[in-house]
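Accompanying notes for the structure given below.
The values are calculated or read from the model by the stated rules, or taken from the named source; none is laboratory data. Owing to the predicted nature of the structure, the values given are computational and were not obtained by experimental measurement. Reconstructed Cβ throughout: ideal geometry from the backbone, glycine too, with neighbour counts over all protein chains shown. Keep in mind that these areas ignore ligands, DNA and RNA; they rest on the heavy atoms of the full protein, side chains included. Shrake-Rupley method; radii C 1.70, N 1.55, O 1.52, S 1.80 Å.
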Number of protein chains: 2
Amino acid sequence: MSIRIGIMGYGNLGRGVECAIKHNPDMELKAVFTRRDPGALSVLTEGVKVYSAEDAPSMKDEIDVLILCGGSATDLPEQTPRMAEYFNVVDSFDTHAKIPEHFEAVDRTASDHGYVAVISVGWDPGMFSLNRLYANAILPGGKDYTFWGKGVSQGHSDAVRRIPGVKDARQYTIPVESALEAVRSGSQPELSTRQKHTRECFVVAEEGADKEAIKEAIVTMPNYFADYDTAVHFISEEELLRDHAGIPHGGFVIRTGNTGMKDEHSHVIEYSLKLDSNPEFTSSVLAAYARAAYRLSREGAKGCKTVFDIAPAYLSPEDGAFLRKHML
Amino acid sequence: MSIRIGIMGYGNLGRGVECAIKHNPDMELKAVFTRRDPGALSVLTEGVKVYSAEDAPSMKDEIDVLILCGGSATDLPEQTPRMAEYFNVVDSFDTHAKIPEHFEAVDRTASDHGYVAVISVGWDPGMFSLNRLYANAILPGGKDYTFWGKGVSQGHSDAVRRIPGVKDARQYTIPVESALEAVRSGSQPELSTRQKHTRECFVVAEEGADKEAIKEAIVTMPNYFADYDTAVHFISEEELLRDHAGIPHGGFVIRTGNTGMKDEHSHVIEYSLKLDSNPEFTSSVLAAYARAAYRLSREGAKGCKTVFDIAPAYLSPEDGAFLRKHML
């Protein structure tokens, strides 16, 4: 019997989860929930119905795991705890500073209602976090580095779009190659924000807009750009659509540390991702953890968990004997 | 109260575990057991006594976790199941083909006697296995690649040393850079043994030995070298000791796969290690899993486990709230 998945929210992430389910033969898409007009939405998977978000609770016995595909700013803080009253849930809550309070809120309802919730699933938080944890446990006293990119930052692209005279924009975050090399050498350099990443903006200006003023507004923008070396390129709308339509991303988690009675040996642990589609990769991680949530729930587990709390074997459709024989 | 560790076997790995304990403030080395004469052995940690291997069972109440540091060929298949009658145990059993039967044997005694055993801990099997599992769960339908090196292979070095006329030798396994690049491109190439790794041997010949015959014996040796491009260098004993005393190793686990309704997006997940000391890194992983074994045992768990069965949080000395706040 396959795992019956529900998707709440049908943006880039929701569509990504739909694709991920197609790639996992032990899963089945049961329903898509939206806050828009369900009649106006059609999904890619044949035979799957779209329902109003409000109707989700009534389908609690037909869905094994509900994957929440809303945003971290306003959707998930409200949705995840509420949906954990009716479903095993998985979300990709990624506001790092607010994870503790989100965990508490979700844990309360999931525990009370006997469901499993897995929060902050994806690649950062998610796979990057796991790699930080494993590497820290293996090399205590070492030093962690996280680099992001090359990839599109939605938040930074939005910030540029809000500047007067900007019609559209795409922002790439790019790790500095020499900084990566310095880290990999094991020398444990102290790196400033500017030394770790550069930013590159492709901007479509409104007709007649003052391009110099736009550029100045970008490179001096506090928090977003002021602390970085930022390149700004003005291009046509056609070029933007043709060359910058994708949502690639990725990055590097590196820990270096020493062993030996006199710390005489140095080690480098590196994990990296190169992703053509940020939302589809995140969705693929969500699908794997939906499997884990389902299996944990069937074993009687309940409450909120993160990637730290789930044994890796729960993510795989294969059993322990198979994994030991073929993957260990 | 710190975790009281015992070490069984005091070779490179046992000394590595001793160093790892020094780096983990929540652990304490309680005893070292050896099959050699305990009186002839002195360890690096002040105040720690050396005992005969036979006396280990009598110390079962003074040790929380016994780390088995013997070899996979003959030591561990016998030692790990036997010691699991008296202790929580961790080993680095690395004969991949025999892991299933080792697991069964260890699981039987560990379960019967109420202890936790963790087998096949290290980096391959170990961290590489974990990365294969995570990447497979995220990108079903993708393709796995494992590369080893650059590093010293003990087995291949020994094979060269057994050739008549060879006084000493060191063998390096080296991944082929162009093969790594082909894999990272996402093209999922089929790679032969020869295309993935080269081998390099540094050989000290006995005086008057036939170097051409030695070289021929190396490059044509079945299983070990015949399927590889192998470079053979004759050097002096001084050079060998000066330039090839270390035991570096490392490698790469890469999985590429596609997402999207039409598999239109490609992704690359890569994990790599660059290790100055293979045994000390393996030992550091053993120490982290000793912590997990201890904590699992205190929760009432028993039986044999692998890295697949243990939630990452068990490896860390920090609690869940700390991990969520600082590492997620």
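Within 10 Å of each Cβ in peptide A:125-135, how many partner chain Cβ atoms are there on average? Round it to a whole number, please.
Neighbouring Cβ atoms belonging to other protein chains average 5 per residue here.
Which distances in nm, rounded to one decimal and ordered from shortest, link the label point of B:VAL48 to the equivalent label points in the other identical copies, with labels set 7 Å from Cα toward Cβ?
In nanometres, ordered from closest: 5.5.
Run the 1.4 Å probe and let me know the accessible area of B:ASP227, rounded to the nearest 10 Å².
Its accessible surface works out to 80 Å², give or take rounding.
From largest accessible area down, sort A:GLU200, B:GLU18; use a 1.4 Å probe on the protein chains.
Output order, biggest surface exposure first: A:GLU200, B:GLU18.
Run the simple label-point estimate for A:LYS325 and A:SER178 please: 7 Å along Cα→C-beta, distance reported in nm.
Taking the two extended label points, one gets 5.4 nm.
Among A:MET261, A:PRO317, A:ALA301, pick out the residue whose Cα is farthest towards the positive end of the charge dipole of region A:256-328, where Lys and Arg carry +1 and Asp and Glu carry -1 on C-beta, about the Cα centre.
Positive-most Cα among the choices belongs to A:ALA301.
How large is the dipole of chain B about the Cα centre if only Lys and Arg carry +1 and Asp and Glu carry -1, each at its Cβ, rounded to the nearest 20 debye?
700
Roughly how many Å² of B:LEU44 are accessible to a 1.4 Å probe, to the nearest 10?
Result for B:LEU44: roughly 100 Å² accessible.
Take chain A, connect every pair of alpha-carbon atoms lying under 10 Å apart with a spring to form a Gaussian network, then pick out the residue of A:GLY126, A:GLY208, A:GLY16 with the largest mean-square fluctuation.
Maximum fluctuation in the GNM of chain A, among the listed residues, is at A:GLY208.
Using modelled backbone amide H atoms (1.01 Å from N, in-plane), which distant-in-sequence or interchain residues come within less than 5 Å of A:LYS305's amide H?
A:ALA117, A:VAL118, A:ILE119
How much net charge surrounds A:ASP124 when only the other residues with a Cβ under 10 Å from the Cβ of A:ASP124 are counted, with Lys and Arg +1 and Asp and Glu -1?
Neighbourhood net charge equals 0.
Placing a label point 7 Å from Cα toward Cβ, how far apart in nm is B:PRO222 from its equivalents in the other copies, listed shortest first to one decimal?
7.5
Region A:288-328: which residues show an accessible-area loss of 50 Å² or more, assembly versus chain alone, 1.4 Å probe?
In region A:288-328, residues shielded by partner chains: A:PHE308, A:PRO312, A:ARG324, A:MET327, A:LEU328.
For region B:1-42, which residues drop by 50 square angstrom or more in accessible area between the chain on its own and all protein chains together (1.4 Å probe)?
B:HIS23
Suppose every Lys and Arg Cβ carries +1 and every Asp and Glu Cβ carries -1, with no other charges. What dipole size does the protein assembly as shown come out with about its Cα centre, to the nearest 20 debye?
With only Lys, Arg, Asp and Glu charged at Cβ, the dipole is about 580 debye.
Sum -39500 (n - 2.57) across every DSSP H segment of at least 4 residues in chain A, then divide by the residue count to get the 222 nm mean residue ellipticity, nearest 500.
Value at 222 nm, helices only: -10000 deg cm²/dmol.
Rounded if a/c is under 1.5, else prolate if a/b beats b/c, else oblate: with a ≥ b ≥ c from the C-alpha gyration tensor eigenvalues square-rooted, which is chain A?
Here chain A falls in the oblate category.
Which whole number gives the average, over all residues in A:187-194, of C-beta atoms from other chains lying within 10 Å of the residue C-beta?
Per residue, the number of nearby Cβ atoms from other chains is 0 on average.
Ordered shortest first, which distances in nm separate the 7 Å Cα→C-beta label point of A:GLU62 from those of the other copies?
Copy-to-copy label distances at A:GLU62, shortest first: 6.6 nm.
At 7 Å along the Cα-to-beta-carbon direction for both A:ARG298 and B:THR74, put a label point, then send me their distance in nm to one decimal.
Reported label-point gap for A:ARG298 and B:THR74 is 4.5 nm.
Per 10 Å bin, what percent of the C-alpha pairs of the protein assembly as shown does each bin hold, from zero upward?
Reading the bins upward from 0: 3, 14, 23, 25, 19, 10, 5, 2, 0.
Say the dipole of region A:78-175 comes from +1 at the beta carbon of Lys and Arg and -1 at that of Asp and Glu; which of A:PHE147, A:ILE174, A:VAL90 then lies farthest toward its positive end?
A:ILE174
So what are the ³J(HN,Hα) numbers for region A:53-64, from phi and the Karplus equation (6.51, -1.76, 1.60; θ = phi - 60°), rounded to whole Hz, Gly and Pro as x?
Using θ = phi - 60°, the values come out as 3, 5, 7, 3, x, 5, 9, 4, 8, 9, 10, 7 Hz.
Quickly rank A:254-261, B:209-216 as a protection proxy: mean count of other C-beta atoms within 10 Å, highest first.
So the peptides A:254-261, B:209-216, ranked by packing, come out A:254-261, B:209-216.
Go ahead and set up a Gaussian network model of chain B, Cα springs under 10 Å, then flag whichever of B:THR146, B:THR198, B:THR45 fluctuates most.
Most flexible of the set in this elastic network: B:THR45.
Estimate for me the total accessible surface buried between chains B and A (protein heavy atoms, probe 1.4 Å, no ligands or nucleic acids), in Å² to the nearest 100.
For B against A, buried area totals roughly 5900 Å².
Before I look further, what does the protein assembly as shown give for accessible area per residue, probe 1.4 Å, in whole square angstrom?
Accessible surface, normalised per residue, equals 41 Å².
Round to a whole number: what % of the accessible area of the protein assembly as shown belongs to carbon and sulfur, probe 1.4 Å?
Exposed carbon and sulfur together represent 47 percent of the surface.
I'd like the mean, over residues of B:252-259, of how many other protein chain beta carbons sit within 10 Å of each residue's own Cβ.
Averaged over the peptide's residues, the number is 3.
Could you state how much accessible area B:ASP243 has, in square angstrom rounded to the nearest 10, with a 1.4 Å probe and all protein chains kept in place?
It works out to around 80 Å².
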